[in-house]
1. Using a ≥ b ≥ c from the Cα gyration tensor of segment 80-207 (square roots of the eigenvalues), is it rounded, prolate or oblate, where a/c under 1.5 gives rounded and otherwise the larger of a/b and b/c decides, a/b for prolate?
2. Note the angle between two axes, namely the Cα long axis of helix 46-60 and the longest principal axis of the Cα atoms of the chain, as a number of degrees from 0 to 90, rounded to the nearest 10.
3. Please report, in Å, the Rg and the Dmax of the chain, where both are computed over Cα atoms only.
4. Given only helices, namely DSSP H runs of n ≥ 4 each adding -39500 (n - 2.57), what is the per-residue ellipticity at 222 nm of the chain, to the nearest 500 deg cm²/dmol?
5. If packing is taken as the average count of other Cβ atoms within 10 Å, what order do 186-192, 79-85, 13-19 fall into, highest mean first?
6. For segment 163-190 and segment 74-91, compute the distance between their C-alpha centroids and round to whole Å.
7. How big, in percent, is the set of alpha carbon pairs in segment 4-119 lying more than 20 Å apart?
8. Counting other beta carbons within 10 Å of each residue's own, what order do 6, 33 fall into, fewest first?
Ligand code: PMP
């Protein structure tokens, strides 16, 4: 089956789907995006993703002329036509196509593109047994990383540094505070308390982060949304990360130094049960 993409109302073969060279997303990173997990053909947490997308569009003053209902329908249509049961839905909205000028164009409609690619979620379940390693990098991003824009160059460089060091993720640190990963939220566990950086302008408010906080609290576990230092992280009982593409993964080393003896811990395992049960509840998917 050929891969298909959605571009401004049309579904086309991915190989021939394109945007104009003067798309503002390309020229200025003047675009926002979402990545949603699709399991058993069902979009996980669609509602919070579309709420976050609308908030980001509003923050940047980008007008998207398609309502939430039709947007969801188009996304589902693309998923169905691609035929993958387990995949990632990528959705991007740029301010539009216009002659290059920093000033917003007066009358360019936003460009909406969506793509779908197959994804192996079972791999993430298998990784629970071993955990992953992170390195640290200085956080040199702009001051509004809570807006999910396609301007991801610092994140790209940080992730590449992680891969070059044989690690899965780079944690971005500023003034000794661990903010988040290059594409994931960062967590530690100390004395039974589950700790993650508060929302605000220094982190992206992850959908997986939000979901985990809710699930943990429903299970009477203690969650603290507060800044934690790299020193605390190194001395933590456990550490882990969350994102749409890695719903929960134990962190077993930071900058080559073992966390919690270098093996995934019991609280992270309990949280992983909650997270994957929620996936099953919403989509019926099981590893
Ligand atoms: N932080 C950053 C910088 C990210 O890019 C992402 C992934 N989009 C996340 C956190 C996790 O967000 P989510 O749980 O919504 O995937």
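1. Details: a/c = 2.12, a/b = 1.32, b/c = 1.61.
Verdict is oblate for segment 80-207.
2. Result, in degrees: 70.
3. When restricted to Cα atoms, the chain yields Rg and Dmax of 19.3, 58 Å.
4. Numbers: 8 runs with 88 residues, N = 287.
That comes out to -9500 deg cm²/dmol.
5. Going by the mean number of other Cβ atoms within 10 Å, highest first, we get 186-192, 79-85, 13-19.
6. Computed from Cα coordinates, the inter-centre distance equals 30 Å.
7. On the way: 2679 of 6670 pairs.
In whole percent, the share of Cα-Cα pairs in segment 4-119 beyond 20 Å is 40.
8. Working: 6 21, 33 18.
In order of increasing Cβ crowding within 10 Å: 33, 6.
Read-outs: derived from the displayed coordinates by stated rules, not from any lab. All values reported here derive from a predicted model rather than from experimental measurement. Positions of Cβ are generated from backbone atoms using ideal geometry, with glycine treated the same way; all protein chains shown enter the neighbour counts.
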